[in-house]
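First the structure, in the form of structure tokens, and then the observations on it.
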Amino acid sequence: MTDADVPEAERVSDEGFLELDRRSRRRDEPAPERRSAAHRAVWIERTRHLVRTDPAGCWVAEDDHGLVGMVSSLRREVVWCLATYAVLPGRQGQGIGKPLLAAAMDHGRGCTRAMLSASSDAKAVRIYHQAGFELHPQMHLVGTVDRGAIPVVEKVREGSASDIDLMDSLDRAARGAGHGVDHELMLRTWRSLVSDSTTGSGYAYLDERGQVALLAASNRRTATRVLWAALAEGPESVTVPHVTAANQWVLDVGLAARLALGQEGFLGLRGMKPPTPYLHNGALL
Ligand SMILES: CC(C)(COP(=O)(O)OP(=O)(O)OC[C@H]1O[C@@H](n2cnc3c(N)ncnc32)[C@H](O)[C@@H]1OP(=O)(O)O)[C@@H](O)C(=O)NCCC(=O)NCCS
């Protein structure tokens, strides 16, 4: 993938996921929509960042008419992460996706750990299992936050570039590697909250929709405080995605806030256990 491919790669991924959402939609749910302009801009900026930092981890498949498939991945210290992976709906199941993933995984050669957030797509799940990933179900909490349930949260402040070392050390304790240059991207694109006190440290990012995009902490108590602060700062209607069974503390917060619990997709892992206390990001994990 080159920088010039990124907008078309965005279209391939949007169409791939839109079709998946259509197939998995319950009849009472609203029809899935294309990514919003803001979401698309963040997607493009993130993928351009990965093409720059991890050119050998980002690949496209094309035919005479243009791109038909794309994959982006990253290597941070000892961890390889799959960021995005999609083939155009009409071209799926024809052998385009597997060699794309193999090329991206080759970039992770030598990494002792690997992470990906899988959709429930039957083909994706089959491919990840074949590639040796353990699949851990993901839950999410969704709804309108009961503002009256939010406790007084102290010792949480806005984050900045001077917090990157702290954030990286929390990442290392949770998943074995810092997010490194990805923190620069996230600080540029999103809002961050940091807590650093004698009883523990933690941080969270709120994405362009105000949803929790990543959270790491040195202990559950601090993680809980940071999540409450994120809910207090976020919009009325929220989703807290990517909750694994190892992170029951998220359920304590989300259910106290009167959010509803659901399930979607899997955290795929190699060489590691589900990180905790931690809420992974879907692309940068
Ligand atoms: C996941 C995805 C990228 C894979 O690309 P692809 O070109 O469809 O994959 P391939 O054709 O190379 O391989 C598909 C595998 O699933 C199998 N398969 C095909 N249809 C299937 C079905 N309905 N159910 C289960 N397995 C199926 C194929 O036989 C093949 O496995 P095999 O080689 O062991 O026989 C693509 O399907 C996609 O974009 N899905 C929607 C978006 C998505 O979920 N992306 C992943 C997000 S984490």
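The values are calculated or read from the model by the stated rules, or taken from the named source; none is laboratory data. Remember, it's a predicted structure, so these values are computed and weren't measured experimentally. Reconstructed Cβ throughout: ideal geometry from the backbone, glycine too, with neighbour counts over all protein chains shown. Areas reflect the complete protein model, heavy atoms only, side chains present, ligands, DNA and RNA absent. Shrake-Rupley method; radii C 1.70, N 1.55, O 1.52, S 1.80 Å.
Assorted remarks:
- Those residues of the stretch 67-123 which are at positive phi and in contact (Cβ under 8 Å) with a residue 12 or more places away in the chain, in sequence order: Glu77, Gly93
- Against the test of being part of a strand (DSSP E or B) and surrounded by fewer than 18 Cβ atoms within 10 Å (Cβ to Cβ), the options Glu62, Glu29 yield a single qualifying residue, Glu62.
- Only one of the listed residues (Ser197, Ser192, Ser160) is out of contact with any helix residue (DSSP H, G or I) (no Cβ under 6 Å at 6 or more places or on another chain) and open to solvent by 40 Å² or more (accessible area, probe 1.4 Å). That residue is Ser160.
- Of all residues in the stretch 86-103, none satisfies being touching a strand residue (DSSP E or B) at 6+ places or on another chain (Cβ under 9 Å), at pLDDT 95 or above, open to solvent by 60 Å² or more (accessible area, probe 1.4 Å) and within 17 Å of Leu269 (Cβ to Cβ).
- Scanning the stretch 61-95 for residues that are more than 12 Å from the ligand (Cβ to nearest atom) and among the β-branched types (Val, Ile, Thr) yields a total of 2.
- Here is the figure for the stretch 96-129: residues that are more than 7 Å from the ligand (Cβ to nearest atom), of a type outside the set (A, V, I, L, M, F, W, C) and not in a helix (DSSP H, G or I) total 6.
- Output for the stretch 114-155, where each listed residue is among the charged types (D, E, K, R) and surrounded by fewer than 18 Cβ atoms within 10 Å (Cβ to Cβ): Lys123, Arg126, Glu134, Asp146, Arg147, Glu154, Lys155
- Condition check for Arg40: open to solvent by 40 Å² or more (accessible area, probe 1.4 Å) and part of a helix (DSSP H, G or I): yes
- Answer residue from the stretch 249-265, given it is in contact (Cβ under 8 Å) with a residue 40 or more places away in the chain and open to solvent by 60 Å² or more (accessible area, probe 1.4 Å) and is farthest from Ile127 (Cα to Cα) among those: Arg258
- Considered as a group, the residues in the stretch 266-282 that are touching a Ser or Thr at 6+ places or on another chain (Cβ under 6 Å) and assigned to a loop (DSSP other than H, G, I, E, B) include one that is nearest to Leu215 (Cα to Cα), and that residue is Gly282.
- Residues that are among the β-branched types (Val, Ile, Thr), at pLDDT 95 or above and over 20 Å from the mean Cα position of the chain (by Cα) within the stretch 140-192 comprise Thr144, Val145, Ile150, Val156, listed in sequence order.
- Considering the conditions (1) crowded, with 20+ Cβ neighbours inside 10 Å; (2) in a loop (DSSP other than H, G, I, E, B), Gly16 is excluded by exactly one of them, (2).
- In the stretch 19-38, the qualifying residues are those that are in contact (Cβ under 8 Å) with a residue 40 or more places away in the chain and within 21 Å of Gly69 (Cβ to Cβ), and the one that is nearest to the ligand (Cβ to nearest atom) is Leu20.
- Taking the stretch 209-225 as the range and being over 18 Å from the mean Cα position of the chain (by Cα) and either closer than 11 Å to Leu193 by Cβ or open to solvent by less than 10 Å² (accessible area, probe 1.4 Å) (or both) as the test, the residues that pass are Thr222, Arg225.
- Verdict on Ala102 being over 20 Å from the mean Cα position of the chain (by Cα) and more than 24 Å from Met186 (Cβ to Cβ): yes
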